[in-house]
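S.K.: Following this message is one structure expressed as structure tokens.
The values are calculated or read from the model by the stated rules, or taken from the named source; none is laboratory data. This one's a predicted model, so the numbers in the text were calculated from it and none came from an experiment. Note that each Cβ is placed from the backbone with ideal geometry, even for glycine, and that neighbours are counted across all protein chains shown. Keep in mind that these areas ignore ligands, DNA and RNA; they rest on the heavy atoms of the full protein, side chains included. Shrake-Rupley method; radii C 1.70, N 1.55, O 1.52, S 1.80 Å.
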Amino acid sequence: MYIVDFFKNLFKKNNIGTVIWMILNVIIICLVFVFFSGATTAGDVVISIFVGLLAYVSSVAIALSPVGETIMRWQNGCHKVEDSVILARIQPIFEEVYASAKKKNPELPEDIKLYMSEEKTPNAFAMGRHTVCFTKGLLSLSDSDIRGILGHEFGHLAHKDTDTILVMTIGNLIVSIIFAVWRLFFNIFARITNIIMGIVSHSWGALIAGAITRIFIDFLLVACMTLWTKLGVVICMASSRANEYLADKYSFELGYGYDLCNALRRLDGSSHSKGLWAALSSSHPATIERLNKLNQLIRGEVY
């Protein structure tokens, strides 16, 4: 079963950040369920926690289903390749890499599909267990470069790294819904209270003060959610960076090590963020570090 397989693969060393993030989300969800249930006895608290856990597991199941993968494709602007010229070029490359990956990992699904986004920056990414998407900008690279990059993406599919991405984005839906509902009810309650106070006091000052207070508290709510999201990025991206090296190694093992090296060199330097936050939130290690490890493999060294 898909969700059982996900949890079996979740507790790998490289996924420790994702596990921590999931635990933190479960704690928040359970606390919210306990708070809003009005539990007064130990039994009520246990039931509320159980319901919260069930809700979170259900969201994870939805994320790992075809529905979650479809939502993810929609969010990233992925669509089937309709242009016959583009398809004639990219499909044979995709099929070649797919066949190599399938030979190495026969358990890979039989129905992995290729999609395209209209982004101009050369890139490709895998989602779920059945999706590989490339950007239109990737077509500016050579066929060999594209092979190396697609080999990397099949590495993510083979290692099932893409499951955690689905859970982080779609499976975290409950926390986002809780925040949105909380914010909605707060704004409605604050507006009604503000109007009543203004009518009772017959004072424009009370209305203005109430409006300012509501805006300030709403700003704090949004800031808290933003900080929570950034914390999740910091925690989870450490796992993602470790998985990138393994996906690079997978491409090398398929025979595309030189191709991936050349592609990385061509893509390096297009844009770089600076500072601590950029380093923490980056899902990929520095290109020079990836090249160094790939060159170690090419020289026959093991890392």
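S.K.: Leaving out ligands, DNA and RNA but keeping every protein chain, what accessible area does residue 85 have, in Å² rounded to the nearest 10, with a 1.4 Å probe?
M.R.: Approximately 110 Å² of residue 85 is accessible to the 1.4 Å probe.
S.K.: Given the options 86, 199, 217, state which has the largest fluctuation in a GNM of the chain using a 10 Å cut-off (strictly under) for Cα springs.
M.R.: 199
S.K.: Give me the angle, in degrees from 0 to 90, between the Cα long axis of helix 173-201 and the longest principal axis of the Cα atoms of the chain, rounded to the nearest 10.
M.R.: Helix 173-201 and the main axis of the chain meet at about 30 degrees.
S.K.: Keeping all protein chains in place, calculate the accessible area per residue for the chain (probe 1.4 angstrom), answer in Å².
M.R.: Ligands and nucleic acids excluded, the figure is 54 Å² per residue.
S.K.: I would also like to ask the following. Top mean-square fluctuation among 35, 154, 134, Gaussian network model of the chain, C-alpha springs under 10 Å?
M.R.: In this elastic network of the chain, the residue with the biggest mean-square fluctuation among 35, 154, 134 is 35.
S.K.: Please find the FRET efficiency linking residue 45 to residue 113, where r is the Cβ-Cβ separation and R0 is fixed at 51 Å, and quote it to the nearest 0.05.
M.R.: 0.65
S.K.: Where does each of 16-29, 92-105 land if you order them by average Cβ count within 10 Å, highest first?
M.R.: 16-29, 92-105
S.K.: Between residue 105 and residue 16, what is the label-to-label distance in nm when each label sits 7 Å out along the Cα-to-Cβ direction?
M.R.: 2.3 nm
S.K.: In whole Hz, what ³J(HN,Hα) sequence does the stretch 287-300 give by Karplus (6.51, -1.76, 1.60; θ = phi - 60°), x for Gly and Pro?
M.R.: Whole-Hz 3J(HN,Hα) from phi for the stretch 287-300: 4, 4, 5, 5, 5, 4, 6, 5, 5, 4, 5, 4, 7, x.
S.K.: How long is the gain from residue 96 to residue 67 if the chain were fully straight, where each residue apart is worth 0.36 nm and the alpha carbon distance is subtracted?
M.R.: 7.6 nm
S.K.: Could you tell me what percent of the accessible area of the chain is made up of carbon and sulfur, with a 1.4 Å probe and every protein chain present?
M.R.: With neighbouring chains kept in place, the figure for the chain is 69 percent.
S.K.: Which label marks the calculated value of semi-axes √(5λ) of the Cα gyration tensor in Å, given the options (i) 44, 23, 19; (ii) 34, 26, 20; (iii) 40, 21, 18?
M.R.: (i)
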